[in-house]
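A quick write-up on the structure given underneath.
The values are calculated or read from the model by the stated rules, or taken from the named source; none is laboratory data. Note that this is a predicted model, so its numbers are computed, not measured. So basically every Cβ, Gly included, is an ideal-geometry build from the backbone, and we count neighbours across all protein chains shown.
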Amino acid sequence: MATAHSVLRHGLQMRSNFDFSKLQLRSWFPRHMAVGMMQMQGKLHSIDAVIEVHDARIPFTGRNFNLSDIGILKPSILVLNKVDLVAPERRERVASRFNDMGHEVLFTNSKEPSDRGVECIVEKVLHKIKNSNRYNRSEFPEINLMILGIPNVGKSSLINSLRNRNMHRKKAAAVAPRPGVTRCVMERIQVCRRPQVYIRDTPGVLAPSIPSAEAGLKLALAATVDDRLVGAELLADYLLFRLNKAGRREYVEALQLSGPTDDCRRLLLLLCHRHRMTITGNAKLGLRESPNIARAAELFVKHWRAGDYGCQMLDEC
């Protein structure tokens with residue numbers, strides 16, 4: 001395996017363009033998403049308002065307008081979660097752009113117990129409902145909400161955060177750092193006692209078709225689709241391209257490199273060498289250990305998702 005000194009070469013000109021033809025777009029709209037959409041539409045008659053949640057790193061690419069159309073039928077608020085992974089100045093620009101589109105935006109970090117954005121959600125929703133007609137729901141004292149969004153944007157975490165904040169109860173919605181944990185419209189989960197507020201968790205639903213290869217890679221980087229649909233090495237290569245293009249060099253320090261690089265393959269070989277990531281061959285056939293490139297790519301991307309390379313938004317605004 002190559003040594004750490006031979007892996008990275010400096011003084012190279014960074015790429016100004018990425019070869020998106022490497023990504024073969026395929027259907028990312030599994031059957032449970034179509035079923036989930038029908039379930040959501042079937043529950044709208046019992047819903048007073050909608051909370052539309054998206055990942056703050058992909059506020060525009062991450063919007064499924066089929067879900068937004070559901071929100072049009074009821075009072076709704078737009079929540080951009082994982083705000084801790086986005087620089088403050090970018091939040092202001094995103095909020096301004098959404099305001100121009102007629103949306104008031106709440107920024108939240110559902111993993112932060114004292115997050116101000118989470119604290120405001122119930123208040124904002126109740127204000128919207130108070131200024132609207134509840135139609136067939138006016139005789140019911142409890143408030144029913146539905147939370148919508150694409151996979152892995154933190155919908156279930158947000159419900160748990162609201163429940164813990166207002167009721168001091170443990171989590172009721174299942175969460176995991178991968179898409180597709182919630183696969184059907186859940187039963188009501190109470191998140192507030194006075195007034196009585198309930199939320200229905202829903203499965204993450206992507207748009208039936210991805211508009212472009214770059215949009216697909218952004219969605220994959222934000223972990224809204226399974227990495228295996230894209231390929232770990234391709235995802236790592238796109239991330240390295242984006243970091244270098246934006247002049248972000250935090251990955252150099254985070255990975256303890258001697259300098260930046262534009263050669264993803266060599267970078268992954270270095271990570272394999274440093275972390276002893278290998279695949280054992282078949283001894284009977286005389287095959288030796290080889291670098292586990294896929295595992296190294298997963299590690300490189302994992303650091304970015306955790307914010308170890310600094311706060312970065314993938315969408316321009």
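Values for this structure:
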| read-out | value |
| --- | --- |
| Scan of the range 5-14 for residues that are at pLDDT 50 or above and surrounded by 14 or more Cβ atoms within 10 Å (Cβ to Cβ), ordered by number | 8 |
| Matching residues in the range 104-135 - criterion: being in contact (Cβ under 8 Å) with a residue 60 or more places away in the chain, in a helix (DSSP H, G or I) and of a type in the set (Lys, Arg) | 128 |
| Qualifying residue in the range 180-192 (condition: in a helix (DSSP H, G or I) and either surrounded by 23 or more Cβ atoms within 10 Å (Cβ to Cβ) or modelled with pLDDT of 70 or more (or both)) | no |
| Residue satisfying all of: in the range 86-101; within 11 Å of residue 59 (Cα to Cα) and among the aliphatic types (A, V, I, L, M); surrounded by the most Cβ atoms within 10 Å (Cβ to Cβ) among these | 86 |
| Residue match in the range 154-176 (condition: crowded, with 16+ Cβ neighbours inside 10 Å, at pLDDT 70 or above and not in a helix (DSSP H, G or I)) | yes |
| Selected residue [touching a strand residue (DSSP E or B) at 6+ places or on another chain (Cβ under 7 Å) and either farther than 20 Å from residue 46 by Cβ or of a type in the set (Lys, Arg) (or both)] from 99, 152, 81, 164 | 81 |
| Search result, residues across the range 40-65 that are farther than 19 Å from residue 197 by Cα and surrounded by fewer than 15 Cβ atoms within 10 Å (Cβ to Cβ) | 41, 42, 65 |
| Residue match in the range 285-292 (condition: in contact with a strand residue (DSSP E or B) (Cβ under 9 Å, 6 or more places away or on another chain) and either hydroxyl-bearing (Ser, Thr, Tyr) or touching a residue at least 40 places away in the same chain (Cβ under 8 Å) (or both)) | yes |
| Top-ranked residue in the range 134-152 [being of a type in the set (A, V, I, L, M, F, W, C) and touching a Leu at 6+ places or on another chain (Cβ under 9 Å); ranked as farthest from residue 69 (Cα to Cα)] | 143 |
| The range 52-83: number of residues that are under 20 Å from residue 124 (Cβ atoms) and either of a type in the set (Val, Ile, Thr) or part of a helix (DSSP H, G or I) (or both) | 9 |
| Odd one out for residue 87, checked against (1) touching a Lys or Arg at 6+ places or on another chain (Cβ under 8 Å); (2) farther than 21 Å from residue 187 by Cα; (3) among the hydrophobic types (A, V, I, L, M, F, W, C) | (1) |
| Candidates 271, 239, 314, 243 - the one that is out of contact with any His (no Cβ under 7 Å at 6 or more places or on another chain), farther than 24 Å from residue 109 by Cβ and either surrounded by 19 or more Cβ atoms within 10 Å (Cβ to Cβ) or among the small types (Gly, Ala, Ser) (or both) | 271 |
